[in-house]
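As structure tokens, the structure follows; a few thoughts come after it.
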Amino acid sequence: ALSSEILSQGGPSIQVECQQYIDTHDKVPVGRAVVTHTGALRQKYLLHCVAPAWKGGNHNEERVLAETIQECLKTCEKLKCKSIALPAIIREPYNIPIFITSKVTLKTLQEITCPGSGMNFNYLKEIHLVLAPVSTMKQFIIDFSETFSVRET
């Protein structure tokens, strides 16, 4: 899983800082993001967010997933970050179907970055979607074309 890889590459200081947060504040609430240092990683910040667990789609999971993505972007703006690497939130423990993750992520990005959204990005200029495995990337490509009305010429 992505979190295991981050801990493996970033070193034990990330886990220590996360545990200190939990000891002080309890768990990160669903839909919220917490910032830690990055250990041995080259990034400036590491955002830890908790997406909703998939319960069949009848418990506001899509809305909460959109709020989670918005929270990450807003946090990056507050930190004056120029870019964010945003992974597709689908794997354990959330089990959100890829087609839901793709549509919600792209729709949220479209809505929050369009003029009149009420969100002003003075610092955040680049959003990099981290899409693995290939099946995830393929779904996002299909949905990107539909969401942003991209037509082949």
Take the residues in region 63-87 that are touching a strand residue (DSSP E or B) at 6+ places or on another chain (Cβ under 8 Å) and assigned to a helix (DSSP H, G or I), then tell me which one is nearest to T136 (Cα to Cα).
I69
How many residues are in contact (Cβ under 8 Å) with a residue 12 or more places away in the chain, more than 18 Å from E77 (Cβ to Cβ) and open to solvent by 50 Å² or more (accessible area, probe 1.4 Å) when one looks only at region 25-52?
5
How many residues does region 111-127 hold that are of a type outside the set (S, T, N, Q), modelled with pLDDT under 90 and open to solvent by 50 Å² or more (accessible area, probe 1.4 Å)?
4
Checked region 115-147 for anything small (G, A, S), assigned to a helix (DSSP H, G or I) and farther than 18 Å from I96 by Cα; matches are S145
Mind checking which residues of region 53-62 are touching a residue at least 12 places away in the same chain (Cβ under 8 Å) and part of a loop (DSSP other than H, G, I, E, B)?
A53, W54, G57
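Look at Y94 and say whether it is open to solvent by 30 Å² or more (accessible area, probe 1.4 Å), among the aromatic types (F, W, Y) and out of contact with any strand residue (DSSP E or B) (no Cβ under 9 Å at 6 or more places or on another chain).
Yes, satisfied.
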Verdict on V130 being open to solvent by 50 Å² or more (accessible area, probe 1.4 Å), in contact (Cβ under 8 Å) with a residue 12 or more places away in the chain and on the phi < 0 side of the Ramachandran plot:
yes
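One line per residue, one yes/no per condition, for (1) at pLDDT below 95; (2) aliphatic (A, V, I, L, M):
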residue	(1), (2)
Q9	yes, no
E17	yes, no
Y21	yes, no
P29	yes, no
R32	yes, no
Q43	yes, no
G57	yes, no
C81	no, no
A85	yes, yes
Return the pairs, sorted by first residue and then second, in which the second residue is open to solvent by 50 Å² or more (accessible area, probe 1.4 Å), the first residue lies in region 63-82 and is among the small types (G, A, S), the beta carbons are less than 8 Å apart, and the residues are 6+ apart or on different chains.
A66/K107
How many of the residues in region 73-86 are surrounded by fewer than 18 Cβ atoms within 10 Å (Cβ to Cβ) and not hydroxyl-bearing (S, T, Y)?
7
Pick from V64, V104: which is touching a Pro at 6+ places or on another chain (Cβ under 6 Å), β-branched (V, I, T) and within 24 Å of E146 (Cα to Cα)?
V64
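The values are calculated or read from the model by the stated rules, or taken from the named source; none is laboratory data. Predicted, not measured: the structure shown is a model, and the values here were computed from it. Methodologically, a virtual Cβ is constructed for each residue, glycine included, from the backbone with ideal geometry; neighbour enumeration extends over all protein chains shown. What goes into the accessible areas is simple: the full protein's heavy atoms, side chains included, and nothing from ligands, DNA or RNA. Shrake-Rupley method; radii C 1.70, N 1.55, O 1.52, S 1.80 Å.
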